[in-house]
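The values are calculated or read from the model by the stated rules, or taken from the named source; none is laboratory data. If you're wondering where the values come from, they're calculated on a predicted model, not measured in any experiment. Positions of Cβ are generated from backbone atoms using ideal geometry, with glycine treated the same way; all protein chains shown enter the neighbour counts. Just so you know, the surface numbers come from the protein's heavy atoms only, side chains and all, with ligands and any DNA or RNA stripped out. Shrake-Rupley method; radii C 1.70, N 1.55, O 1.52, S 1.80 Å.
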Amino acid sequence: MKLLGNFILWILSLGLLGAIAALGFVAILFQYYASDLPDYKQLKNYAPSIVTRLYAGDGRLMAEYAEEKRVFIPIDEIPDQVKNAFIAVEDKNFYQHEGVDPTAILRAVVIYARHKMGQNVDIVGGSTITQQVVKNFLLTNERSFERKIKEAILAYRMERALTKDQILELYLNQIYLGSGTYGVAAAALHYFDKSLEELSLAEIGYLGALPKGPENYHPVRNHDAALERRNYVLKRMEEEHFVTPEAYEEAILQPLLPVDRSTVDTVSAPYFAEEVRRELMERYGHDKLYTGGLSVHTSVDPKLQDYALSALRDGLMAYDKRHGWHGVIAKLSGDALDEDIKTFNSPDDLIDGWDVAVVTEVSASTARLRLKSGGKGTLAYEQAKWTGQKSLSAFLSVGDVIAVEQTAPDSDRYKLQQIPKIRGAIVAVDPNTGRILAMQGGWRYGTDQFNRATQAMRQPGSAFKPFVYLAALEKGFTPATLILDAPFVIEDRPGHFWSPKNYSDEYYGPTPLRVGIEKSRNLMTVRLANYVGMDTIVEIARRFGIMDNMPPNLSNALGAGETTLFRLTSAYAMILNGGKKLVPSFIDRIQDRYGNTIYRHDTRACPACGKLLKWEGQPTPDVPDERPQIADPLITYQMVSIMEGVVQRGTGIRLKSMGHPLAGKTGTTNESRDAWFIGFSSDLVVGVYIGFDNPQPLGKKETGSSVAVPVFQSFMEQALKGKTPMPFRVPKGIKQVRIDAQDGTRATPGDTKVIWEAFLPGTEPDENVYLLDGDGRIRRLPASLYRDNYIRMTDQFMPADDTDHPVSYTDRYTGTLRPTTPINTGTGGLY
């Protein structure tokens, strides 16, 4: 017995020594690996990379920018069942262990051994959620004994520095769940287009299935495996008593149906979004944009954006089709056209709703098509008549690849399309706030990301003229002042004479100032600019933000300087709003990741705003107007009235039939290389530019009226549909006087072309008329004598004693009018 007792004592002593040695070994390992570990305490101030989101004016999502697509959700706002799903399948003892779970490790070892013995078992890991947090945040994915030791040490330490909920918050927001999403909130939005609170139990189960291998359980590509794994997660939840057996049975019967991303209700405005992205990058830098989780509320109006897109595309296609057929996209040969078209690479500029097709049969009146998207179709000659060809067989043959569009949904009949070579842009601005409501910078955003609204520097042509006339009005001219429309010659450099002409190549004699805008008269404009001085016009261009340093060349009065559609449209907005300075903006408000507002476009102080819970008859809050006044509101209204005449009687007359008060100005550059129209209603300014990226003539008789105005009209017809026509606001102090539209004198009985004209107080027509003549002087002429000596005939004036010839008795070097009957000019001089 004594021998046995000694043996037992020896065994126990040996065991104790082994245990001490093991503990010593562990201590040495711990000391060795713990000496150079990452600082886990930094996780207390966890600020993960979060997606920056852009929202449209109606609150819908427009764009996202992120290095990791993540939406951070505090643990208190994550539903319990979402937490339970991950705990059940990843770490059932999460709330009991101290960072490392020995039972989980032992279970993983046993299961792995069974697997190696050939048994059909699911391999499980032994890492706890805390260890996974350590690995994801502080260590690498390296598979090594050293990394596992460090992971265990850090997990143990972390459990003493952070609460369980803090650790779970880190895990559920950081974990990668496939398709570029990080964290449960982003995954819920991506897979189901739902917030966490909206998820069903079955959908929660699917999210719990993803940590094991997101790409292995894709809901479409690996549907069966994903469904099996989801059901396993739900079973684990039932086994851990997180759900009832009845709830489990009901959930596993639910189909796995991820959301169709094409049906998610988002706003598409890529040119607009890119402008916002550039501004955010400039304002905050790369890191804050792509990792800072900004919420950016933009000014885009989704309906107006859709109208802008369709109006611009329709306008570009209309112009393009007027100029004929470009030719087929490609030519396929061989006997396998049906298969070849399926693998054909579609052009980058093909827009939604269009398809490419190969011609399989063709006659004079009909072509049979095989579509890249699948199926067959028919093209009738009537749907290709715009090409100018006499028959389909005249320009199509078997194997030709063309762009087509269905004539109606679900129809097998198609119309021929072609991608326009011409490009353009459209922008819509709120004239009172400067908010950009819509912008389309080209045919299609994709490989072509050049924004022709903000980046294309182009000559505005006659669209610049209103600012020349605004300068004249500021110098004391009135809309009724007569400007001589006659040849004008100036030596712009030694030995070189510049002599601009009207578009019609005709001269019209003394003409009221307003007609110079309505009919877009070059000679009147140049004579006026020469009189008021180009330095004055340069200052106007700078004041309205059109050009910062426009050279004082007289040709720039006709729009030879370069600017962008964005800047010019904003300048028109400042005319419409009564001369108030605007700061155009794509962004209304920006919030940081915590919901704090860090930028607001409207910075006006309003202490009472947002504090009135209900209406009880109290006055509305008084919000101050802090916009600088850059022009006299009475004079800017005169320009609005003059540009309304463009629609009523001038180059924009096709808009008159719309039934809404509209105004604006066309623009066409030399050789019709660029076409413009900037127009407006009482509360909306819209600019349109059309031209080739490599400037070239648009073609004979193609002008702002024929190319740009139809785009504006299409947009405005939709934007103003169902709205009550609103006249332009007339500021207090304007004097409205009836005048003869042809000579600017007060209307008298018998006059047939009479309009209401806007005058500043004290400048109303009197017994005289005032004429800027060819000598560069303003002459005062008795109105009765002037009217007696000139016969008004359409837009031309003829001497009373020579009705066979228009007034063209001019000195081509001075442009001085020489009527056959002398006129007593009185004292003359300025007024």
Under 5 Å between amide H atoms, partner at least 5 residues away or on a different chain: which partners does residue 328 have, H built in plane at 1.01 Å?
none
So, in nm, how far is label residue 61 from label residue 415 when the simple model puts each one 7 Å beyond its Cα toward the Cβ?
3.5
Cα-only radius of gyration and Dmax that characterise the stretch 317-414, units Å:
12.7, 37
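Please express the shape of the stretch 652-765 as an equivalent ellipsoid: the semi-axes are the square roots of 5 times the eigenvalues of the C-alpha gyration tensor, given largest first in whole angstrom. Can you show the working numbers first?
Details: eigenvalues 200, 77, 35 Å².
Square roots of five times the eigenvalues give 32, 20, 13 Å.
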Contact order normalised by length for the stretch 457-529, with contacts defined as Cα pairs under 8 Å and 6 or more residues apart; what percent is it?
39
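So what is the relative contact order for the stretch 189-236, in percent, with contacts set as C-alpha pairs under 8 Å and at least six apart? Intermediate results must be reported in sequence, preceding the final value.
Values: 33 pairs, mean separation 17.4, N = 48.
Once divided by the residue count of the stretch 189-236, the mean separation gives 36 percent.
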With no solvent and one equal point scatterer placed on each C-alpha of the stretch 214-267, evaluate the Debye formula and give log10 I(q)/I(0) for q = 0.13, 0.15, 0.24 Å⁻¹, two decimals.
-0.42, -0.53, -0.91
At q = 0.26, 0.28, 0.34 Å⁻¹, what base-10 log of I(q)/I(0) does the Debye formula yield for the stretch 194-234 when every alpha carbon is treated as an equal point scatterer in vacuo?
-0.83, -0.92, -1.13
What is the stretch 373-423's relative contact order, in percent, from Cα pairs under 8 angstrom and six or more apart in sequence?
40
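So if I average 1/r over every pair of distinct C-alpha atoms in the stretch 642-708 and take the inverse, what Kirkwood radius in Å does that give?
On the way: mean 1/r = 0.0820 Å⁻¹.
One over the average 1/r among Cα pairs gives 12.2 Å for the stretch 642-708.
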So which lysines pass the test for residue 235, namely a Cα distance under 21 Å, with those fewer than 8 places away in the same chain ruled out?
83, 92, 212
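Give the Rg/Rh ratio for the stretch 514-669, taking Rg as the radius of gyration of the Cα atoms and Rh as the Kirkwood radius, to two decimals. Working shown, then result.
Values: Rg = 20.2 Å, Rh = 18.7 Å.
When Rh is taken as the Kirkwood radius, the ratio is 1.08.
When the accessible area of the stretch 237-291 is computed with all protein chains present and a 1.4 Å probe, what percentage of it is carbon and sulfur?
Here carbon and sulfur together make up 50 percent of the probe-accessible area.
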Radius 12 Å from Cβ of residue 658, net charge of other residues (Lys, Arg +1; Asp, Glu -1)
+3
Return the Cα extents of the stretch 220-325 along principal axes one, two and three, sorted largest first, each rounded to a whole Å.
69, 43, 24
Over the stretch 619-765, with every protein chain in place, what whole percent of the accessible area is carbon and sulfur at 1.4 Å, could you tell me?
52
Set 656/753; 194/303; 303/721, cut-off 20 Å on Cα-Cα distance; pairs above it are 194/303
Hey, what do the phi angles of the stretch 629-638 turn into as Karplus ³J(HN,Hα) couplings, whole Hz, using 6.51/-1.76/1.60 and θ = phi - 60°, x for Gly and Pro?
8, 9, 7, 5, x, 5, 6, 5, 5, 4
For the stretch 706-723, 3J(HN,Hα) per residue [Karplus equation, 6.51 cos²θ - 1.76 cosθ + 1.60, θ = phi - 60°, Hz, x = Gly/Pro]
8, 10, 8, 4, x, 5, 4, 4, 4, 5, 5, 4, 7, 5, 9, 4, x, 9
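Among the listed pairs 342/385; 465/701; 390/415; 581/665; 421/701, which are separated by more than 23 Å between their Cα atoms?
Values: 342/385 27 Å; 465/701 20 Å; 390/415 16 Å; 581/665 20 Å; 421/701 18 Å.
Listed pairs above 23 Å: 342/385.
Expressed in nm to one decimal, what extension gain is obtained for the pair residue 348 and residue 93 from 0.36 nm per residue of sequence separation less their Cα-Cα distance? Don't skip to the end; give the middle numbers.
Values: separation 255, 0.36 × 255 = 91.80 nm, distance 5.39 nm.
86.4 nm is the gain from fully extending residue 348 to residue 93.
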Where the stretch 474-524 is the region considered: accessible area per residue in Å², 1.4 Å probe
38
